[in-house]
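Asks: Here it is, the structure in full.
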Amino acid sequence: MPSNKPDTFQAEVETSPARRSATRQSIYLYIAAALLSLVGLADSIYLTVEHLAGRSVQCTITSGCEEVLTSTYATISGLPLAGVGAAAYFIVFSLAILAAFGNRRTGDFLFYVVALMLAVSLYLFALQAFVLHAFCQFCLLSGAVTLLLSLVVAVERFYFKRK
Amino acid sequence: MKRYLPLIIIVGVLSVALGAGVTLWRSSKRANSNTQPFTQSTPSPPAASPAASASATPNQIPVSQPGQLGIARVHERGGTDAKVTLEEYGDYQCPPCGMLFHDLKTIEKEYGSQLRFIFRHFPLQGHKHAVTAAHAAEAAGLQGRFWEMHDMIYQNQLSWSPADDARPVFIQYARNLNLDVDRFTRDMDSADVAQRVTADYERGVSLSVPGTPTIFINGRQVNPNAYTPDGLRTAIDFMLGNKK
């Protein structure tokens, strides 16, 4: 008696073109997230090293690097905040690479990590704007990277996953 | 192989990141690798500068008297005949200057009459209240209270620095110091006070002052790495030892 099982199995393996396209788009988005996180990682490493070396970072576009990077908000219990940022960007890079290679769980985890980073970035931006009244270009770059990361991750999660 | 590819990429990026960090750290340290308290070369001010020409050696710099503004005269405290003169080029709104202020107070207290401390204005363009603060200190100096205003401005740097308009804050400080506020306000806007601040700045430029804070001890530029209590002690002791 012929069975339908092979057909069913075949149907599961051969996904629709739209589904394949969505998967490919997700991979591209995860790669984009990984590349963006490298920009944030480089920025954070630079700020961390300059902080640990005790050198003052000079702004070339904005004028508040000194004020922001020597403020009390630049460290957490003596640990440079930029170092925490570097660790976060590395985690994002790792998760994005793993997700790009098909690990779904890391994709979900990546979404929550980036959401947390966005919240922290918004808080730090508000500190610069309303408390310190000074902007540090390297901090703004980090904020912009996190914002773009959030967009990329949100598009992947809410747009392509549903297709 | 493909199974391990993401891990290889992650470990590779981690290695590159750590390597870049270490390289940056080393180059940063190499730039300041001079362990001597003083920088290698200390340029001499050109004689063409009126402010500079009035101070061939640090211990011969004319001193400002209360109520006196003379362009080449400086604000000093500590031992007037001290063997060691520490001259700071500072910006009232620069955060590292604000931090150094507390270290310098400690050093001044420790060395007492052995140290002569001179402050020079070097307001930076990026700090919007720096010039106003320098004018406030000079205006207070015209009523004999330069150092009181100087200390008050630095001690409260974090409170007035973010303000949109710091001028009313300085006027309040003048009131707290029991100064003639009307005169103080007039003096803050006077051309003489502006010229006095500019003279300090120009002297700093003539000495190739790279930024703030910059410290000279007996005319020798101190290595920025030594802008700590221990570093300054080493530099001052070095000079005291040389003079013995």
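Taken together, the values in this text are just the output of simple stated rules run on the coordinates, not laboratory data. All of these numbers come straight from a predicted model, not from anything done at the bench. For neighbour counting, all protein chains shown are included, and Cβ atoms are generated from backbone atoms with ideal geometry for every residue, glycine included.
Asks: Can you compute the FRET efficiency between B:Gln195 and A:Gln58 using 1/(1 + (r/R0)^6), with r the Cβ-Cβ distance and R0 = 30 Å? Round to the nearest 0.05.
Replies: 0.60
Asks: Of the peptides B:98-109, B:207-218, how do they stack up when ordered by the mean number of other Cβ atoms within 10 Å, highest first?
Replies: Those peptides, ordered most packed to least, come out B:207-218, B:98-109.
Asks: Dipole of region A:38-146, Cα-centred, from +1 at each Lys and Arg C-beta and -1 at each Asp and Glu C-beta, to the nearest 20 debye?
Replies: 300
Asks: What is the sum of charges around B:Asp230, taking Lys and Arg as +1, Asp and Glu as -1, for the other residues whose C-beta is under 12 Å from the C-beta of B:Asp230?
Replies: After counting each charged neighbour, the total is -2.
Asks: Report, in debye and to the nearest 20, how large the dipole of region B:106-171 comes out about its Cα centre when Lys and Arg carry +1 and Asp and Glu carry -1 on their Cβ.
Replies: Charge dipole of region B:106-171: 140 debye, to the nearest 20.
Asks: Moving to a separate point now. May I ask for the net charge around A:Leu132, where only other residues with Cβ less than 11 Å from the Cβ of A:Leu132 are counted and Lys, Arg are +1 while Asp, Glu are -1?
Replies: For residues surrounding A:Leu132, the net value is -2.
Asks: Taking the mean number of other Cβ atoms within 10 Å as a proxy for protection, how do you rank A:101-111, B:114-124 from highest to lowest?
Replies: B:114-124, A:101-111
Asks: Suppose every Lys and Arg Cβ carries +1 and every Asp and Glu Cβ carries -1, with no other charges. What dipole size does region B:134-244 come out with about its Cα centre, to the nearest 20 debye?
Replies: Rounded to the nearest 20 debye, it is 500 debye.
Asks: Another question, then. Taking the mean number of other Cβ atoms within 10 Å as a proxy for protection, how do you rank B:182-190, B:224-232, A:135-143 from highest to lowest?
Replies: With the highest mean Cβ count within 10 Å placed first, the list reads A:135-143, B:224-232, B:182-190.
Asks: Next question, about the same structure. Work through the residues other than B:Trp160 whose Cβ is under 12 Å from its Cβ and net out their charges, Lys, Arg +1 and Asp, Glu -1.
Replies: Every neighbour counted, the sum reads 0.
Asks: Count, for each residue of B:6-13, the Cβ atoms from other chains sitting within 10 Å of its Cβ, then give me the mean as a whole number.
Replies: Across B:6-13, the average partner-chain Cβ count within 10 Å equals 5.
Asks: Evaluate the distance, in nm, between pseudo-label points positioned 7 Å from the Cα of A:Asp108 and of B:Gln114 along their respective Cα→Cβ axes.
Replies: If labels sit at A:Asp108 and B:Gln114, their model points lie 6.8 nm apart.
Asks: Could you work out the relative contact order of region B:144-244? I mean the mean sequence separation of Cα pairs under 8 Å and 6+ apart, divided by the number of residues, in percent.
Replies: That works out to 13 percent.
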